[in-house]
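**Student:** The structure that follows is given in the form of structure tokens.
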Amino acid sequence: MNVVVIGCGRVGSGVARSLSAAGHLVTVIDRDPATFGRLGPQFPGATVPGVGFDREVLEAADVEHADAIAVVTGSDEANAVISRLASTLFHVPRVVARMYDPRQADLYRRLGVVTISPVSWGISRVVELVTLADLALTTSLGAGQVDVVEAVVTDRLQGAPVGELEIPGETRVIAVTRGGRTRIMEAPSLLETGDVVHVAVAEGASGRLQTLMRGE
């Protein structure tokens with residue numbers, strides 16, 4: 001992929017390094033050229049000094065040919081403007097923006113911009129980690145709207161169908177690990193004690209999944 005990262009702070013530089021390490025072509029934009037030092041001497045990508053919402057700067061970064069753009073400056077306002085330019089003027093297929101204000105994040109999400117809100121994500125994650133000890137988080141999708149969690153099947157669910165852990169629109173069993181082998185199982189398939197179930201869980205539904213895991 002050809003990815004443009006706008007903002008070379010701790011998040012932006014980390015995103016750029018990770019994408020480069022995965023083999024993607026990366027160009028980084030930041031108004032302060034000194035921040036490019038965060039990328040390290042081995043960074044193989046390109047850097048463009050300038051303001052991220054300046055059309056000439058975006059053109060210099062070849063945004064019109066980018067497959068994706070990550071907008072992670074420290075300003076919600078700048079991120080909003082840049083995201084709209086990228087999607088409407090340059091037609092970048094995938095735009096991801098960081099928004100500290102959850103209201104801004106919701107607004108731009110409705111406009112088709114994938115948004116990450118550290119405030120909303122942090123609040124929900126702390127609550128879940130404090131209260132849902134039976135579930136192990138393996139990954140988060142989108143802006144935390146869907147989590148993938150793991151849980152061990154206990155004697156209470158021995159012989160229960162996989163479908164007992166599914167709630168339409170809220171939870172979906174995506175795989176089961178048994179005897180060291182992971183496979184996709186249909187809803188009528190029966191669970192065994194010691195199985196590890198891998199479940200996609202919608203935001204706010206972890207508590208209901210935990211109730212199901214307890215056989216309640």
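The values are calculated or read from the model by the stated rules, or taken from the named source; none is laboratory data. Please read these numbers as outputs of a predicted model, since none were measured by experiment. Note that each Cβ is placed from the backbone with ideal geometry, even for glycine, and that neighbours are counted across all protein chains shown.
**Student:** When you scan the stretch 10-33, how many residues do you find that are surrounded by fewer than 16 Cβ atoms within 10 Å (Cβ to Cβ) and not hydroxyl-bearing (Ser, Thr, Tyr)?
**Tutor:** The initial filter retains those residues of the stretch 10-33 that are surrounded by fewer than 16 Cβ atoms within 10 Å (Cβ to Cβ), namely 10, 14, 18, 21-24, 32-33.
With the extra rule that they be not hydroxyl-bearing (Ser, Thr, Tyr), the set shrinks to 10, 14, 21-24, 32-33.
Going through the stretch 10-33 one residue at a time, the tally reaches 8.
**Student:** From the list Arg214, Arg183, Arg172, exactly one residue is of a type outside the set (A, V, I, L, M) and surrounded by 13 or more Cβ atoms within 10 Å (Cβ to Cβ). Which is it? Write out each step before concluding.
**Tutor:** On the way: Arg214 fails: surrounded by 13 or more Cβ atoms within 10 Å (Cβ to Cβ); Arg183 fails: surrounded by 13 or more Cβ atoms within 10 Å (Cβ to Cβ).
Checking each option against the conditions leaves just Arg172.
**Student:** Also: Just to be sure, is Arg109 loosely packed, with under 12 Cβ neighbours inside 10 Å, assigned by TED's automatic domain parsing to the domain that holds Phe53, modelled with pLDDT under 90 and not in a loop (DSSP other than H, G, I, E, B)?
**Tutor:** Working: loosely packed, with under 12 Cβ neighbours inside 10 Å: no; assigned by TED's automatic domain parsing to the domain that holds Phe53: yes; modelled with pLDDT under 90: yes; not in a loop (DSSP other than H, G, I, E, B): yes.
So Arg109 fails the test.
**Student:** Let me ask something additional. What is the residue count in the stretch 38-65 for residues that are out of contact with any Leu (no Cβ under 9 Å at 6 or more places or on another chain), surrounded by 12 or more Cβ atoms within 10 Å (Cβ to Cβ) and either of a type in the set (Gly, Ala, Ser) or free of Cβ contacts under 8 Å to residues at least 12 places away in the same chain (or both)?
**Tutor:** Narrowing the stretch 38-65 to residues out of contact with any Leu (no Cβ under 9 Å at 6 or more places or on another chain): 38-43, 49, 51, 54, 56-57, 59-62, 65.
Those still in the list that are surrounded by 12 or more Cβ atoms within 10 Å (Cβ to Cβ) too: 38-39, 43, 49, 51, 54, 57, 59-62.
Pick out the ones that are also either of a type in the set (Gly, Ala, Ser) or free of Cβ contacts under 8 Å to residues at least 12 places away in the same chain (or both) and you get 54, 59-61.
Final tally of qualifying residues: 4.
**Student:** Considering the stretch 41-57 alone, what residues qualify as being among the aromatic types (Phe, Trp, Tyr) and either closer than 12 Å to Thr27 by Cβ or assigned to a strand (DSSP E or B) (or both)?
**Tutor:** We begin by selecting, within the stretch 41-57, every residue among the aromatic types (Phe, Trp, Tyr); these are 43, 53.
Correct list: Phe43 only.
**Student:** Name every residue in the stretch 12-40 that is part of a helix (DSSP H, G or I), out of contact with any Gly (no Cβ under 6 Å at 6 or more places or on another chain) and small (Gly, Ala, Ser), in order of residue number.
**Tutor:** Within the stretch 12-40, the subset part of a helix (DSSP H, G or I) is 12-21, 33-39.
From the residues that got through so far, the ones that are out of contact with any Gly (no Cβ under 6 Å at 6 or more places or on another chain) too are 12-19, 21, 33-39.
Across the stretch 12-40, the qualifying residues are Gly12, Ser13, Gly14, Ala16, Ser18, Ala21, Ala34, Gly37.
**Student:** Can you name every residue in the stretch 179-209 that is farther than 18 Å from Gly159 by Cα and either at pLDDT below 90 or touching a Phe, Trp or Tyr at 6+ places or on another chain (Cβ under 7 Å) (or both)?
**Tutor:** Of everything in the stretch 179-209, those that are farther than 18 Å from Gly159 by Cα and either at pLDDT below 90 or touching a Phe, Trp or Tyr at 6+ places or on another chain (Cβ under 7 Å) (or both) turn out to be Gly180, Glu203, Gly204, Ala205, Ser206, Gly207, Arg208.
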